[in-house]
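Worksheet for the structure shown next.
The values are calculated or read from the model by the stated rules, or taken from the named source; none is laboratory data. Being a predicted model, the structure only gives us computed values, none of them experimental. All Cβ positions, even for glycine, are placed from backbone atoms using ideal geometry, and neighbour counts span all protein chains on display. Please note that ligands, DNA and RNA were not included when accessible areas were found on the heavy atoms of the full protein model with its side chains. Shrake-Rupley method; radii C 1.70, N 1.55, O 1.52, S 1.80 Å.
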Amino acid sequence: MNTQEYIQLEEKFGAHNYHPLDVVITRGDGVWVYDVEGKKYLDCLSAYSAVNQGHVHPKILAALVEQAGKITLTSRAFRNDQLPLLYKELSDLTGYGMSLPMNSGAEAVETALKIARKWAYQVKKIPRHQAEIITCAGNFHGRTITTISFSTEPLYRDDFGPFTPGFVTVPYGDADAIANAITPNTAAVLLEPIQGEGGVIIPPTGYLKKVAELCKKNNVLFIADEIQTGLGRTGKLFAAQHESVRPDVTVVGKALAGGFYPVSAVLADKEILGLFAPGEHGSTFGGNPLAAAVARAALNVIVEEHLVERAAELGEYFVEQLAEISSPHVKEVRGRGLLIGVELKKEAGGARRFCEALQAKGILAKETHEHVIRFAPPLVIDKATIDWALPSIREVLNYHGV
Ligand SMILES: *Cc1c(COP(=O)(O)O)cnc(C)c1O
């Protein structure tokens, strides 16, 4: 079958909840993917940072195959011999005393919200079912009813209410707004250290530190959603570390399993995560031995291949080079590590057509929030590959008649 035939099948039989670029990928290797026509592309999205380790990483593949031949699912009704090792290795790597494994990112966010509420009633002694959680405008925390309940994007919400109560939304990047929103019933502040889906929005320097101080002073939990920014993407293990902040709760997903498997987790210390009692929360697939083995290998690759340091070094270079491109269409280039956004001027007519022009040149990037092109290649990328991509990016950004 050719590209058009695959697209027709998908359009006819699949729900249209995405608007993908018209490229049908059949194979991947490191930073490269190949379409069904045999054309090769540099992947500059990395599945929204789920593939930080590069496509089909051989060590993660080996762990997956080996574990798949042994045991894949026991349910948490029984114990398995992979999950305890994942717990220990996650704790050693992140410094959090405990973790709770789930599958998708949205589920892990919901898990963090549940534990924050329980903490509010059991520890902070907020009257039951009165807890408030502060979130930020422009956020992206997933697509479940609760996570869209505090979205500020009309497209995500308009036809999907009624919504989960108990959330307050304030402008992102404004610590005073959080200070003003805190009440005696505030259980937690939930935010992304950099808003990825919001358009690679980097808050003002000092923001995360101020939020952490406010939370501490008011006995409020600081929950960082690092599903996209965590595990090396921004040049630190966690993006909050750019301001030496250690949130009370950190949520991870995406790259936790290197793109092989959906694995997410909530990280916190025992005083918080230890509050869950048997039966209060769970997931049939969460913490299964296949997921745990894959996640262990994926974490190991991040450490062994120094992906955090690579992201810092190559990200700095990539941003510098992008910033030097003089294009009439570009409003701003911003980034931290290898999470980079090129914001186009409104008059440029939207980022999508630039992404389509990049696709024609063998570079896959995706527009986010209409006017931003995100460049977030796998962290295994090297300087030579960035140098290969730059002339094409330069040409596309300067293209007037796209
Ligand atoms: C992707 C993402 C999520 C949702 O993860 P899913 O696995 O798609 O449910 C939540 N928060 C952030 C910051 C994300 O980037």
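Let's see how each residue does on (1) within 20 Å of LEU21 (Cα to Cα); (2) at pLDDT below 95:
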site: VAL308; (1), (2): no, no
site: GLU320; (1), (2): no, no
site: ALA323; (1), (2): no, no
site: LEU344; (1), (2): yes, no
site: CYS355; (1), (2): yes, no
site: LYS366; (1), (2): yes, yes
Residues of the range 184-194 satisfying the condition of being within 15 Å of the ligand (Cβ to nearest atom) and open to solvent by 10 Å² or more (accessible area, probe 1.4 Å): GLU192
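Can you tell which of ALA224, ALA277 is under 30 Å from ASN80 (Cα atoms) and touching a Pro at 6+ places or on another chain (Cβ under 7 Å)?
Going through ALA224, ALA277 in turn, the sole match is ALA224.
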For the range 154-177, does any single residue satisfy the condition of being touching a residue at least 24 places away in the same chain (Cβ under 8 Å), over 30 Å from PRO278 (Cα atoms), assigned to a helix (DSSP H, G or I) and away from the ligand (no atom under 16 Å from the Cβ)? yes
Identify, from the list GLY335, GLY287, the residue that is under 21 Å from the mean Cα position of the chain (by Cα), in the same structural domain as ALA376 (by TED's automatic domain parsing) and buried (at least 23 other Cβ atoms within 10 Å of the Cβ). GLY335
Looking for something farther than 21 Å from VAL168 by Cα, in the same structural domain as GLU226 (by TED's automatic domain parsing) and among the hydrophobic types (A, V, I, L, M, F, W, C) - is there at least one such residue anywhere in the range 107-121? no
Residue check for LEU379: of a type in the set (A, V, I, L, M, F, W, C), in contact with a Gly (Cβ under 9 Å, 6 or more places away or on another chain) and outside any helix (DSSP H, G or I): yes
Go through the residues of the range 219-235 one by one and say whether even a single one is more than 14 Å from the ligand (Cβ to nearest atom), in contact (Cβ under 8 Å) with a residue 24 or more places away in the chain and in a strand (DSSP E or B). yes
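Within the range 1-44, work out how many residues are basic (Lys, Arg) and farther than 17 Å from LYS361 by Cα.
Here is the first cut: in the range 1-44, the ones basic (Lys, Arg) are 12, 27, 39-40.
Still in the list and also farther than 17 Å from LYS361 by Cα: 12, 27.
Number satisfying all stated conditions: 2.
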Per the filter on the range 25-53, residues assigned to a loop (DSSP other than H, G, I, E, B), in contact (Cβ under 8 Å) with a residue 60 or more places away in the chain and open to solvent by less than 60 Å² (accessible area, probe 1.4 Å) are VAL31, CYS44, LEU45, ALA50, VAL51, ASN52, GLN53
Any idea which of ALA376, ALA351 is farther than 27 Å from VAL308 by Cα and under 23 Å from the mean Cα position of the chain (by Cα)? ALA351
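Find the helices (runs of 4 or more DSSP H) located wholly in the range 57-138 whose residues include 3 or more that are surrounded by fewer than 16 Cβ atoms within 10 Å (Cβ to Cβ) and at pLDDT 95 or above, and list them.
Details: elements: 58-68, 83-94, 105-122.
By residue number, 58-68, 83-94.
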